[in-house]
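So the structure is just underneath, and the comments pick up after that.
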Amino acid sequence: MKTYRHHDDYLNKALKDPKEAAIYMNAAVEENDPALILAVLAQIVRAHGISRTAKKVSLSRAGVYKTLSKKGNPELRTFMGILNASGLQMSFKPTHTHHG
């Protein structure tokens, strides 16, 4: 009988790779939904380990959970710190519409 890898196991392994995490995060950003962005960031953080991330951004584990919760609203500094701890950085591109 063929064994199948659980989706969460696959996703956690994939999101440890910064390239894969960046692709996943960019897809969430394109949806322009802050709740989805936080949910994806939370998945990336879980893949890298909550404790490890908390230590890197000088937050408690509870602080990381609260920041990335559905009602979370991280400060920009915290958001960028969590990205950095996950091997990611923000970048910008113009929207498809031209204002001028």
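The numbers here are math on the coordinates, done by the rules we state, and not lab data. Keep in mind it's a predicted model, so treat the numbers as computed, not measured. Positions of Cβ are backbone-derived with ideal geometry, glycine not excepted, and every protein chain shown enters the neighbour counts.
Residues of the stretch 44-59 that are buried (at least 18 other Cβ atoms within 10 Å of the Cβ) and under 18 Å from residue 90 (Cβ atoms): 44, 45, 48, 53, 57.
Is it fair to say residue 42 is in a helix (DSSP H, G or I) and in contact (Cβ under 8 Å) with a residue 24 or more places away in the chain? Criteria met by residue 42. Reported count of residues in the stretch 1-55, each being under 20 Å from residue 76 (Cβ atoms) and either among the small types (Gly, Ala, Ser) or touching an Asp or Glu at 6+ places or on another chain (Cβ under 7 Å) (or both), is 7.
If the condition is being surrounded by 14 or more Cβ atoms within 10 Å (Cβ to Cβ) and aliphatic (A, V, I, L, M), then the stretch 65-86 contributes 68, 80, 82, 83, 85. Of 94, 34, 18, which residue is out of contact with any helix residue (DSSP H, G or I) (no Cβ under 8 Å at 6 or more places or on another chain) and touching a residue at least 60 places away in the same chain (Cβ under 8 Å)? None of the other options fit; the residue is 18.
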